[in-house]
Amino acid sequence: MAHLLALLLAAAAWEAAARAGWVAMLLFPPPTIILAWLVESLRNGEMAESLMASGQRLVLGFGLGAGLGTLAGLAMGLAPRLHRALDPVIAALHPMPKVALLPLFLVLFGFSEKARMVPVALVAFFPAAIAGAVAVRAIDPLLWNVARNYGAPPLMVLRRLVLPGAWPVLRAGLRLSLNAAIVVLISVEMLSGNDGLGAAVWQSWQTMRVEQLYGTLLVLAMLGLVFNRCLGR
Amino acid sequence: MRITLQGIGLDYPGPRGPLRAVDGLDLEVAPGEFLGLIGPSGCGKSSLLAMLAGLRAPSAGRIGFPGWTGPRPPRRLMAFQEHGLLPWLSVLDNVAFGLEAQGMPRAAREARAHAMLRRLGLEGFATSRPDQLSGGMRQRAALARLFVAEAEAMLLDEPFSALDAQTRVVLQQELLDLWSGTGRSVVYVTHDIEEALLLCDRVVVLSARPGRVIADITVPFPRPRRIMGPPPPEVAALRWRIWDMLAPTITPPAA
């Protein structure tokens with residue numbers, strides 16, 4: 001309730017400042033104009049189209065990248081030797097800007113959905129892998145001893161100890177993966193897309209319709225809120 | 001089941017080469033015996049339990065189960081000072097953990113776990129998580145998990161040392177009641193002389209590092225025992241005998 005009120009107050013101040021000419025209308029169009037564009041784009045299906053395109057890429061790219069990352073991370077957490085072998089590779093590849101490689105993927109995969117999803121999947125991979133490895137190693141050694149002492153078979157160890165024990169840390173890693181994936185998705189669409197939220201952002205600058213930029217970012221914020229909430233707080 | 005330990009040695013990695021924690025230790029646990037291990041901290045009591053449980057290999061010597069003819073090695077299950085319940089599992093699932101590990105189907109293992117919870121007065125907490133229980137109830141659930149699994153030997157590592165005095169006495173009595181009539185061997189590690197005398201048939205006193213057996217005392221306290229009242233006078237007298245043995249090992253070395 002309190003933050004809704006604060007948001008409304010900020011919007012009102014912006015509106016007043018833009019209408020009074022204290023800020024440049026061209027760069028900071030008043031919220032009512034942004035809202036009007038948003039309503040119109042929702043009504044004529046333009047926004048739904050962008051959302052569908054981006055949402056699909058996000059779900060597939062994040063799902064693939066974070067899924068493989070989680071598997072790799074859990075495996076590294078369970079096998080210290082694998083961890084020692086892969087950790088430097090991850091440390092070297094993680095900071096590499098995946099968007100910089102987009103032209104390479106475009107050549108490799110053609111101007112296809114695959115080329116746009118690969119950077120998203122790559123960027124989602126690393127936080128999930130790092131968190132997965134840390135999460136497994138953070139499980140109380142006493143509980144490992146309990147499982148070993150009681151002779152729990154491997155599948156039971158996975159189901160009763162590893163997965164529930166790793167989940168809190170892993171979940172934080174998945175949220176970081178998701179947000180990195182969203183940022184890269186928008187960048188990729190800005191660079192190469194003819195549809196999606198990123199393309200809409202790019203187009204709004206090209207046509208100097210800045211209300212379209214803010215409206216799209218607003219929708220993106222909502223998208224992030226929904227997806228992040230799915231992974232808990 | 002009889003357990004024999006022969007010439008057991010255990011080395012810890014130390015800053016200047018290996019540190020001998022246990023050296024040339026011989027010990028026998030008779031079938032159905034409640035054996036106490038007592039000694040100063042660092043004498044390797046807990047490591048000895050871990051070796052008995054098969055969680056850790058001795059650096060020297062061997063542990064045997066003479067006369068054991070089962071198709072699998074005898075089950076030796078531990079109870080820990082910090083209960084070791086899985087925080088994300090319900091009390092029921094925790095208690096049934098050992099049975100699940102043995103491959104018992106859900107309905108059967110839950111029936112047994114429920115019966116054990118009833119016996120220990122925890123039936124109202126079957127669906128609770130461990131962190132919703134008091135410290136005493138958590139140890140009670142840990143005992144339930146241990147006893148429901150019906151191991152050939154049970155190894156308890158100071159399970160009640162973190163509890164308040166009143167709760168401890170109640171749980172000690174419950175432990176004796178659970179154990180009596182099972183015919184299973186128990187090895188009970190403690191640093192509390194009185195607790196060792198109240199619970200055990202025999203108390204083995206270990207020296208400071210490297211741990212060796214320095215005394216082996218049979219406790220003249222007939223079973224079944226009621227430990228909530230005053231113990232027999234000969235048990236009380238033993239307390240000071242053991243204390244005299246342990247006291248020199250606790251005195252800090254002169255500078």
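Observations on the structure shown:
- FRET efficiency, 1/(1 + (r/R0)^6) with R0 25 Å, evaluated for A:ARG148 and B:GLU234 via beta carbons: 0.05
- Over the protein assembly as shown - Rg/Rh using Cα atoms and the Kirkwood inverse-distance radius: 1.17
- Here r is the Cβ-Cβ distance between B:ILE214 and B:ALA162 and R0 is 25 Å; the resulting FRET efficiency, rounded to 0.05, is 0.40.
- Its residues counted as N, chain B yields a C-alpha radius of gyration over 2.2 N^0.38 Å of 1.03.
- Å³ per residue enclosed by the Cα convex hull of the stretch B:142-255: 129 Å³
- Size-normalised alpha-carbon gyration radius of the stretch B:80-169, reference 2.2 N^0.38 Å: 1.02
- Overall dimensions of the stretch A:107-149 as given by Cα atoms, namely Rg and Dmax in Å: 18.3, 55
- Order of B:VAL189, B:VAL170, B:VAL95 - criterion: other Cβ atoms within 10 Å of each residue's Cβ, fewest first: B:VAL170, B:VAL189, B:VAL95
- Checking every one of the trypsin sites (Lys or Arg not before Pro) in the stretch B:9-71 against DSSP loop status and a limit of 11 other Cβ atoms within 10 Å picks out B:ARG16.
- Estimated inter-spin distance, B:ARG226 and A:PHE111, nm [label 7 Å along Cα→Cβ]: 9.3 nm
- Inter-label distance, nm, simple model (7 Å from Cα along the C-beta direction), B:THR69/A:ALA10: 7.9 nm
- Stretch gain in nm, segment A:ASP87-A:ARG159, where the contour uses 0.36 nm per residue and the Cα spacing is subtracted: 23.4 nm
- The radius of gyration of the Cα set in the stretch B:130-194, together with its Dmax, comes out at 11.8, 33 angstrom.
- Using 0.36 nm per residue and subtracting the Cα-Cα separation, the extra length available between A:ALA100 and A:LEU176 on full extension is 25.3 nm.
- Tail beyond 27 Å, pair distance distribution of the stretch A:19-154 (Cα, percent): 50 percent
- FRET efficiency for the A:ASN228 to A:TRP205 pair, using the beta carbon distance and R₀ = 22 Å, is estimated at 0.25.
- Contour minus Cα-Cα distance for B:VAL169 and B:TRP243 (0.36 nm per residue): 24.6 nm
- The mean count of C-beta atoms from other chains within 10 Å of the C-beta of residues in A:140-147, rounded to a whole number, is 5.
- The stretch A:132-233: projected area of the alpha-carbon convex hull, averaged over directions, in nm²: 8.3 nm²
- Other residues lying with their Cβ under 11 Å from the Cβ of B:ALA53 contribute a combined charge of +3, Lys and Arg counting +1, Asp and Glu -1.
- Residue-count net charge about B:ARG202 - beta-carbon cut-off 13 Å; Lys, Arg +1, Asp, Glu -1: -3
- Dmax and Rg, reported as Rg then Dmax, of the stretch A:45-230 (C-alpha, Å): 19.3, 68
Taken together, the values in this text are just the output of simple stated rules run on the coordinates, not laboratory data. Since we're looking at a predicted model, the values are computed, not measured. Quick reminder, even Gly has a Cβ in these numbers, built from the backbone with ideal geometry, and neighbours come from all protein chains shown.
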